[in-house]
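Taking it in order: structure first as structure tokens, then the write-up.
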Amino acid sequence: MKKRLSIMLLVAMMASVLAACGSSPAASDQAGTQGEGAAETTQQAAGDETAEGDETAAPAAGELSDKVITIALASEPNTLIPSVNFIGNPVQYILRNVYEPLVVSNYSDVSLQKTGLCTDWEYLDDTHIHITLREGVHFHNGEELTTADIQYLFEQGKLGAMASDVYGFYDPSQFEIEDDYNMVLVLNEPYAQAFEMLGFNNFEVVNKTELEAAGGAGAQVQYLAGAGTGKYKLKEWVPGEYIELERNEDYWDKDNMGYYAGFKYVFINDTNARALAVQSGDVDIATDMMLSDFATYDADPNVNAVLLDDNKVSTIFLNSGKGGPLEDVRVRHAVSLLIDKNALRQVANAGYGELCDTVIATNGPMGDGICESDTAAVDVEGAKALLEEAGYANGLTLRMRGTSVTPMMSMVQEQLRAGGIEVEFELAETPVHFAALAEGDFDMYASTQQYALYSEPVRCTDGIKYDYSAVMGGCGYQNEEYSAIAARCYALADLTERKAAYAELQKMFREEYVSIGLYTSKTFVLTRPGIENIELWGLGLTNFSNIYGD
């Protein structure tokens, strides 16, 4: 699913260029960078730890604000129905306040906490997971959360837009309901990340009554009334103007109520206009800011520039499974020698993020901590020698798919041309583009691979077990040894053994130049001073449900 947004997400990040190049602070710094001026920004660009601004003390239980926070979104959503339907990132700024995932997880290491809707879980074997729901949790319509809601959610998820990406790992027809609060989830096959996945935005819990009445996975309504368990509930949606939430006074966790009285979401398409709205005080938070503008706003004492490490890995997928030139490891190696990742990071990511040389984030939960790209240099002559050895002394042409030509794609074209590789762009509307990826009709394309769902990038590269349609593209890499390692990555329940398998896979990825990992990404949010505790959750989405402050 993430790959379906990959090109569009890259376009949003590539709009302009910042002069200096830098690297990100540690992934565990979820609260983000709250700098105090241009000096700190310069240090960050040099790779130093980022300075933190003064923090407002967390409110004590019961000390709630009567303020309504106004948030500027880049666009208005067309639906507020979570989980079973495909929804883009902007709507999640709203949904996470209304709905909650089955389990709570820490984004930086995907560790699970027993503080959410699910209070206990146990692997009975490698395909059966027993879970216990929290008693006394009520949806906004007053109904209590039970296992019947979870059963229906998975059944509809299997029919919805995310069936293959996430719900497809489960077999709800085999689920066993013991009582209102206990049930056994059943997997189609061993999958080590199965339970971690339940902490992602794909599994926000929805009331069965409301979802069923709306048509389940085929629901066409704009929103569901009373279907969430979250700290806030929908108050009003005025199309074209705003969406407003109000605090859920009956929230199940009285010690962790929503701090603000509500949220009002307004829609401002232009990035600069969103920033001006924060500076003028018309809105409290602006989302989806351009990374190239971070230094400017970080130096402005009237606003708070928050840089969050979502650590998704930007990748150029090389199709080696269709019998084309990229089936030859020498050609893939030549491509890697021509790619200047620092230059691409500068253009596409404003110089932020860590360089990567696989699809797994170096500092991620399954990263091996190695990044040869930090010291690797472009080698045009070495690339030409490899191409000549592979039978392409006079060069070759590769087709790169996309929905539009971005600055990053143009730079890739120029970098490869220096070694004798011509890149022809094949552009199409989004549905046609992804249909072509699903058929393997490409040589190259750019994508963003998930940090928290670290098993997905492995699926995208394993061309023996997963075809192009299963992962909407990938690289179709046909290698039995690689596929066997990947299978262990999917299935090993023991964390130490699983990390060792991922380390083996990343080593082979580098040796075989399976595709080109580039750099990790950042998320930039602008707020007025005094707002604290902006977090990341799920698949790297921004979470405002726990913010507090002046």
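Inside region 251-271, can you point out the residues that are open to solvent by 70 Å² or more (accessible area, probe 1.4 Å) and either over 24 Å from the mean Cα position of the chain (by Cα) or hydroxyl-bearing (Ser, Thr, Tyr) (or both)?
Taking region 251-271 as the starting set, the residues that turn out to be open to solvent by 70 Å² or more (accessible area, probe 1.4 Å) are 254-255, 269-270.
Matches in region 251-271: Lys254, Asp255.
Residue by residue through region 112-146, note down the ones that are among the hydrophobic types (A, V, I, L, M, F, W, C) and open to solvent by less than 70 Å² (accessible area, probe 1.4 Å). Step through it out loud before you land on a result.
Here is the first cut: in region 112-146, the ones among the hydrophobic types (A, V, I, L, M, F, W, C) are 112, 117-118, 121, 124, 129, 131, 133, 137, 139, 145.
The answer is Leu112, Leu117, Cys118, Trp121, Ile129, Ile131, Leu133, Val137, Phe139, Leu145.
Are there any pairs, at least 6 apart or on different chains, whose C-beta atoms fall under 6 Å, with the first in region 480-496 and free of Cβ contacts under 8 Å to residues at least 40 places away in the same chain and the second part of a loop (DSSP other than H, G, I, E, B), and if so, which?
Between residues of region 480-496 that are free of Cβ contacts under 8 Å to residues at least 40 places away in the same chain and residues that are part of a loop (DSSP other than H, G, I, E, B), the close pairs are Ser483/Ile464; Ser483/Lys465.
What number goes with the only condition from (1) modelled with pLDDT of 95 or more; (2) among the hydrophobic types (A, V, I, L, M, F, W, C); (3) in a loop (DSSP other than H, G, I, E, B) that Ile69 does not pass?
Ile69 satisfies all of (1) modelled with pLDDT of 95 or more; (2) among the hydrophobic types (A, V, I, L, M, F, W, C); (3) in a loop (DSSP other than H, G, I, E, B) except (3).
Yes or no: region 516-524 includes at least one residue that is within 30 Å of Phe263 (Cα to Cα) and either among the acidic types (Asp, Glu) or more than 24 Å from the chain's Cα centre (by Cα) (or both). If you could, list the steps in order and put the result at the bottom.
Taking region 516-524 and keeping what is within 30 Å of Phe263 (Cα to Cα), we get 521-524.
Filter once more, so that each one left must be either among the acidic types (Asp, Glu) or more than 24 Å from the chain's Cα centre (by Cα) (or both): none.
Checked region 516-524: no residue is within 30 Å of Phe263 (Cα to Cα) and either among the acidic types (Asp, Glu) or more than 24 Å from the chain's Cα centre (by Cα) (or both).
Out of all the residues in region 272-284, is one or more within 20 Å of Tyr451 (Cβ to Cβ) and open to solvent by less than 10 Å² (accessible area, probe 1.4 Å)? Walk me through how you get there before you give the answer.
Let us first name the residues in region 272-284 that are within 20 Å of Tyr451 (Cβ to Cβ), namely none.
The answer is no; no qualifying residue exists.
Would you mind finding the one in Leu187, Leu198 that is closer than 20 Å to Ser455 by Cβ, modelled with pLDDT of 95 or more, hydrophobic (A, V, I, L, M, F, W, C) and open to solvent by less than 50 Å² (accessible area, probe 1.4 Å)? Lay out the reasoning, then the answer.
On the way: Leu198 fails: modelled with pLDDT of 95 or more.
Result of the check over Leu187, Leu198: Leu187.
All but one of (1) farther than 25 Å from Asn201 by Cβ; (2) touching a Cys at 6+ places or on another chain (Cβ under 9 Å) hold for Ala436, so report the exception by its number.
Going through the list (1) farther than 25 Å from Asn201 by Cβ; (2) touching a Cys at 6+ places or on another chain (Cβ under 9 Å), Ala436 breaks only (2).
Please verify whether Gly226 is on the phi > 0 side of the Ramachandran plot, in contact with a Phe, Trp or Tyr (Cβ under 7 Å, 6 or more places away or on another chain) and not aliphatic (A, V, I, L, M), treating the condition exactly as stated. It would help to see each step written out before you state the result.
Numbers: on the phi > 0 side of the Ramachandran plot: yes; in contact with a Phe, Trp or Tyr (Cβ under 7 Å, 6 or more places away or on another chain): yes; not aliphatic (A, V, I, L, M): yes.
Spelling it out, Gly226 is indeed on the phi > 0 side of the Ramachandran plot, in contact with a Phe, Trp or Tyr (Cβ under 7 Å, 6 or more places away or on another chain) and not aliphatic (A, V, I, L, M).
With Asp270, Asp250 as the choices, which residue is modelled with pLDDT of 95 or more, of a type outside the set (Phe, Trp, Tyr) and closer than 21 Å to Ala286 by Cβ?
Numbers: Asp250 fails: closer than 21 Å to Ala286 by Cβ.
Residue meeting the stated conditions: Asp270.
If you scan region 479-495, which residues turn out to be in a helix (DSSP H, G or I) and open to solvent by 60 Å² or more (accessible area, probe 1.4 Å)?
Once the filter is applied, which keeps residues that are in a helix (DSSP H, G or I) and open to solvent by 60 Å² or more (accessible area, probe 1.4 Å), region 479-495 yields Glu480, Glu481, Arg488, Leu495.
Can you find a residue that is open to solvent by 10 Å² or more (accessible area, probe 1.4 Å) and at pLDDT 95 or above anywhere in region 216-225?
No; the residues of region 216-225 include none that is open to solvent by 10 Å² or more (accessible area, probe 1.4 Å) and at pLDDT 95 or above.
Can you find even one residue in region 201-211 that is surrounded by 19 or more Cβ atoms within 10 Å (Cβ to Cβ), modelled with pLDDT of 95 or more and of a type in the set (Asp, Glu)?
yes
If a residue counts only when it is charged (D, E, K, R) and out of contact with any helix residue (DSSP H, G or I) (no Cβ under 7 Å at 6 or more places or on another chain), which strands (runs of 3 or more DSSP E) contained entirely in region 115-226 have at least 3 such residues? Before you say what the answer is, go through the steps one by one.
Working: elements: 118-125, 128-133, 182-186.
Passing ranges, in order: 118-125.
Listed here are the residues, each with its yes/no results for (1) open to solvent by 30 Å² or more (accessible area, probe 1.4 Å); (2) in contact with a Lys or Arg (Cβ under 7 Å, 6 or more places away or on another chain).
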residue: Ala286; (1), (2): no, yes
residue: Val303; (1), (2): no, yes
residue: Ser314; (1), (2): no, no
residue: Val329; (1), (2): yes, no
residue: Val335; (1), (2): no, no
residue: Gly351; (1), (2): no, yes
residue: Asp368; (1), (2): yes, no
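Residues checked against (1) among the acidic types (Asp, Glu); (2) open to solvent by less than 10 Å² (accessible area, probe 1.4 Å); (3) under 30 Å from Asn533 (Cβ atoms); (4) not in a strand (DSSP E or B):
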position: Leu326; (1), (2), (3), (4): no, yes, no, yes
position: Arg332; (1), (2), (3), (4): no, yes, no, yes
position: Thr362; (1), (2), (3), (4): no, no, yes, yes
position: Val378; (1), (2), (3), (4): no, no, no, yes
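Find all pairs meeting these conditions: Cβ atoms under 9 angstrom apart; at least six residues apart or on different chains; first residue within region 305-329 and more than 19 Å from Ala383 (Cβ to Cβ); second residue part of a strand (DSSP E or B) and among the charged types (D, E, K, R).
Leu308/Glu535
As an exercise: evaluate Ala393 against (1) under 17 Å from Leu338 (Cβ atoms); (2) out of contact with any Gly (no Cβ under 8 Å at 6 or more places or on another chain); (3) buried (at least 19 other Cβ atoms within 10 Å of the Cβ); (4) not hydroxyl-bearing (Ser, Thr, Tyr) and give the number of the one condition it does not meet.
Just one mismatch for Ala393, condition (3).
Which of the residues belonging to region 228-252 are without any contact (Cβ under 8 Å) to a residue 60 or more places away in the chain, in a loop (DSSP other than H, G, I, E, B) and either touching a His at 6+ places or on another chain (Cβ under 8 Å) or among the acidic types (Asp, Glu) (or both)?
Listed by number, the residues that qualify are Glu241, Glu249.
The values are calculated or read from the model by the stated rules, or taken from the named source; none is laboratory data. Owing to the predicted nature of the structure, the values given are computational and were not obtained by experimental measurement. So basically every Cβ, Gly included, is an ideal-geometry build from the backbone, and we count neighbours across all protein chains shown. Surface areas here come from the heavy atoms of the whole protein model, side chains and all, with no ligands, DNA or RNA. Shrake-Rupley method; radii C 1.70, N 1.55, O 1.52, S 1.80 Å.
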